[in-house]
1. Please work out which residue is nearest to the other protein chains (Cβ to nearest Cβ), limiting yourself to the stretch B:141-170 and to residues that are within 18 Å of B:Val89 (Cβ to Cβ) and of a type in the set (Asp, Glu).
2. B:Pro79: in a loop (DSSP other than H, G, I, E, B), in contact (Cβ under 8 Å) with a residue 24 or more places away in the chain and facing chain A (nearest Cβ under 10 Å), yes or no?
3. Restricting the stretch A:57-82 to residues that are within 9 Å of chain B (Cβ to nearest Cβ) and either part of a helix (DSSP H, G or I) or aliphatic (A, V, I, L, M) (or both), which is surrounded by the most Cβ atoms within 10 Å (Cβ to Cβ)?
4. Hey, any hits in the stretch A:45-64 for a residue that's modelled with pLDDT of 85 or more and more than 20 Å from B:Glu155 (Cα to Cα)?
5. From the list B:Gly50, B:Gly57, B:Gly62, pick out the single residue that is surrounded by fewer than 14 Cβ atoms within 10 Å (Cβ to Cβ), more than 14 Å from chain A (Cβ to nearest Cβ) and either in contact (Cβ under 8 Å) with a residue 40 or more places away in the chain or out of contact with any Pro (no Cβ under 7 Å at 6 or more places or on another chain) (or both).
6. Kindly indicate whether B:Phe44 is facing chain A (nearest Cβ under 10 Å), in contact (Cβ under 8 Å) with a residue 60 or more places away in the chain and not in a strand (DSSP E or B).
7. Which residues, taken from the stretch B:1-30, are in a helix (DSSP H, G or I) and either surrounded by 17 or more Cβ atoms within 10 Å (Cβ to Cβ) or away from every other protein chain (no Cβ under 12 Å) (or both)?
8. Would you point out the residue of the stretch B:82-109, among those that are outside any strand (DSSP E or B) and buried (at least 21 other Cβ atoms within 10 Å of the Cβ), that is farthest from the chain's Cα centre (by Cα)?
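The values are calculated or read from the model by the stated rules, or taken from the named source; none is laboratory data. Given the structure is predicted, the values throughout are model-derived calculations rather than measurements. Using ideal geometry, Cβ is built from the backbone for each residue, glycine included, and neighbour counts are taken over all protein chains shown.
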Amino acid sequence: MSGEEEENAAELKIPDEFLKAKCLMNCEVALILEHKYEQLQQMADDPMNQMSQVFEKSLQYVKRFSRYQNPDAVRQVREYPSVIYAPYDALRTWEPLSRNSGRSDSYGSIHQDQIIDVISAIVSFALQTRGRAHDDEAIEKMLNDLSLIKKFE
Amino acid sequence: MFFHIVLERNMQLHPRHFGRDLRDKLVSKLMKDVEGTCSGRHGFIVAITGIENVGKGLIRDGTGFVTFPVKYQCVVFRPFKGEIVEAVVTMVNKMGFFAEAGPVQIFVSNHLIPDDMEFQSGDVPNYTTSDGSVKIQKESEVRLKIIGTRVDATEIFCIGTIKDDFLGVISDPGANP
């Protein structure tokens, strides 16, 4: 109990095991619990008897407060962060060209100065956007994308 | 908030269950023992989604019981202080109102309800603004912030507030759609 005084979800001060765990959206929980309910129905004659009150209340709650009903939409929303950050990941794993590397043959036609220009442009873009990954414009875009998923669910 | 976590538990099994269906019996005993329970550390264990690993059984001295360490994945509901949740109002009285968010009960005291909302008693007790535009009654959906949690033997109980920005009624069951 004494540890609970320090907890504050608003500042993300929660136990380590939850910080590392997968947080589920209500719609995802709804899919999981509904699947389990169907399994119970198939296995036993009286699924209501087997379900705990916690299960029943949770199922009712997540069905009522699910933002997305369609499993495809749920998947899109879950994968959305990886879509946003994919360009940054690509940048991180990009191998710099070097005059002595084996790949220089295929880039033989590109002038070395041009290569340097390209590299510096990419690096400055990355530096610019890294700190501002969550500025207002980016947030606005994310909100619009997510609402589009909801619209075309 | 709902989480998908891996937990571990030592399951004791009587020798009469040993045989071909040992693993199945272990899993169903685990589900019966664990699903629906609540702990202060992990919250409510809503449902077990899979078994990750069943360790080697250890025979207890003196009895024939065998203890198996079982690692399993499950969905848990753990409310945190500072968390914003949506809840359904279950009861309204002059001290405040009770709401439920999944398996957890939350109490919002009248001190933590905006000052412009007054308690109205009657057939359907409710809190209403002076102009009647916003009403909190049974079955209303509200967004609230959890400001404290208390753990009992079998459940977690929370205190909440709707006095901050963006909190309060989401939908009113009495309103026209």
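1. Among those residues, the one meeting the criterion is B:Glu141.
2. yes
3. If we take residues in the stretch A:57-82 being within 9 Å of chain B (Cβ to nearest Cβ) and either part of a helix (DSSP H, G or I) or aliphatic (A, V, I, L, M) (or both), then A:Ser58 is surrounded by the most Cβ atoms within 10 Å (Cβ to Cβ).
4. yes
5. Answer to the check: B:Gly62.
6. No; evaluated as a whole, the condition is false for this residue.
7. If the condition is that a residue be in a helix (DSSP H, G or I) and either surrounded by 17 or more Cβ atoms within 10 Å (Cβ to Cβ) or away from every other protein chain (no Cβ under 12 Å) (or both), then B:Pro15, B:Arg16, B:His17, B:Leu22, B:Arg23, B:Lys25, B:Leu26, B:Val27, B:Lys29, B:Leu30 are the ones that fit.
8. Result: B:Glu83.
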